[in-house]
Amino acid sequence: MKSFLGKRAVTSAISLVGLIILVFFLSRLTGDPTDLYLPENATQEARDQFRAIHGLDQHILIQFGKYVTDLVQLDFGMSIRRAEPAIDAVLRGFEWTLWLAFITMTLVTVCAIVVGSLAAFHVGGIFDRVATFFSLIGASAPDFWIAIVAIVVFSVYLGWVPTSGTGTVAHWILPIAVLFIRPFGLILQVVRGSMISTLSAAYIKTARAKGVRNRPIIFVHALRNALLPVITVIGDQAAGLLNGAVIVETIFGFPGVGKLMIDSILQRDFTVVLAAIFVTALAIFVMNILIDILYAVLDPRIRY
């Protein structure tokens, strides 16, 4: 078990280093921040001074070396746009994204397991067909399209919920609903398939022959064994929420790390972009390792 987790940690660290290198050099292709933050009639002296203040006057390899040296010391640099440490801005946004992903994923997991289990128990019935139909549509529809349609219908025409912001509970409804649809459809299908296979096992037939009620059969006897493949999908979808939230947060004006990342790219705020990528990637890697540990707890064979 320790060896397995050690290998995963090393692999994740290598991937993180590669991502940092890639993002650092690609972010520089967006242009010179000097052209964005200084007026067109700024003197060359002012431009040179701006570049020197933000370390942009040095060769790109020297800039990268300094960035790596600072990163080892957990110094992510100062935000050009906000004049504050980049990590402070990222952590504020990441807290919003984490809450959004946590609430959404909790609802998705509970609903998908319950609906998927019931659909498997009534396989071929009306409930199963309806659940499968809507789950396939939800898993296929792109988030940005659902978000735009949701705003037009529920905010513009019906006026039930706000279009953006986080001031009240109503502001959270549309972002959570949009992020809910895709992972719910995917996880439901995996739960349904896994439960159908598990419910046909011999020990389930024995439990039924002994007169055990349907609810304990589904949610006690069958669900534990059926959850093993589901956990992996839940972990992937949870990580996908952190990435997918970029589009949804931007559309709904949600002040999470996704919107911060997009704004910083447009503003050429390199330090914030790199800090946001680092924190998000680190969270995803940690989440994947936790999923591996949970998988091993549920299936003792993996420990060996």
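Sorted from largest to smallest, which semi-axis lengths in Å does the alpha carbon gyration tensor of the chain give for its equivalent ellipsoid, taking the root of 5 times each eigenvalue? Numbers along the way, then the final one.
Numbers: eigenvalues 412, 130, 32 Å².
Computed over the chain, the values are 45, 25, 13 Å.
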- Message: Please list, ordered by chain and number, the residues whose modelled amide H lies under 5 Å from the amide H of MET78; skip anything fewer than 5 residues away on the same chain.
- Response: ALA86
- Footprinting exposure proxy for LYS259, LYS7 (fewest neighbouring C-beta atoms within 10 Å first): LYS7, LYS259
- Message: Suppose only helical runs count, i.e. DSSP H with n ≥ 4. What mean residue ellipticity at 222 nm does that imply for the chain under -39500 (n - 2.57) per run, divided by all residues and rounded to the nearest 500 deg cm²/dmol?
- Response: -24500 deg cm²/dmol
- So what are the ³J(HN,Hα) numbers for region 251-265, from phi and the Karplus equation (6.51, -1.76, 1.60; θ = phi - 60°), rounded to whole Hz, Gly and Pro as x? 5, 8, x, 7, x, x, 5, x, 5, 4, 5, 5, 4, 5, 5
- Query: Measuring from label point to label point, each 7 Å out along Cα→Cβ, what is the LEU107 to MET287 span in nm?
  - Reply: 1.7 nm
- Query: For region 2-72, with the dipole built from +1 on Lys and Arg beta-carbon atoms and -1 on Asp and Glu ones, taken about the Cα centre, which of LEU29, VAL10, ALA52 lies farthest toward the positive end?
  - Reply: VAL10
- Item | Cβ-placed point charges (K, R +1; D, E -1), dipole of the chain about Cα centre in debye, nearest 20 | 1940 debye
- Each label sits 7 Å from Cα toward the beta-carbon; between ALA9 and TYR295 the label points are separated, in nm, by 1.8 nm
- Could you give the size of the charge dipole of region 6-50 about its Cα centre, using +1 on the Cβ of each K and R and -1 on the Cβ of each D and E, expressed in debye and rounded to the nearest 20? 600 debye
- Message: Between helix 270-298 and the chain, what is the angle of the helix's C-alpha long axis to the longest principal axis, kept within 0 to 90° and rounded to the nearest 10?
- Response: 20 degrees
- Message: Counting C-alpha atoms alone, how compact is region 2-72: give Rg to one decimal and Dmax as a whole number, in angstrom.
- Response: 17.5, 61
- In degrees between 0 and 90, to the nearest 10, how far off the longest principal axis of the chain does helix 2-27 point, with axes built from Cα atoms? 40 degrees
- Work out the charge dipole of the chain with +1 on the Cβ of Lys and Arg and -1 on the Cβ of Asp and Glu about the Cα centre, then indicate which of THR132, LEU158, THR97 is farthest towards its positive end. THR132
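Please give the contour-minus-distance gain from ARG28 to VAL72: 0.36 nm per residue of separation, less the Cα-Cα distance, rounded to one decimal in nm.
So the chain would gain 13.7 nm between ARG28 and VAL72.
Just so you know, all these numbers are worked out from the coordinates, no wet-lab data involved. The structure displayed is predicted, hence computed values, not measured ones. Note that we place each Cβ from the backbone using ideal geometry, even for glycine, and neighbour counts take in every protein chain shown.
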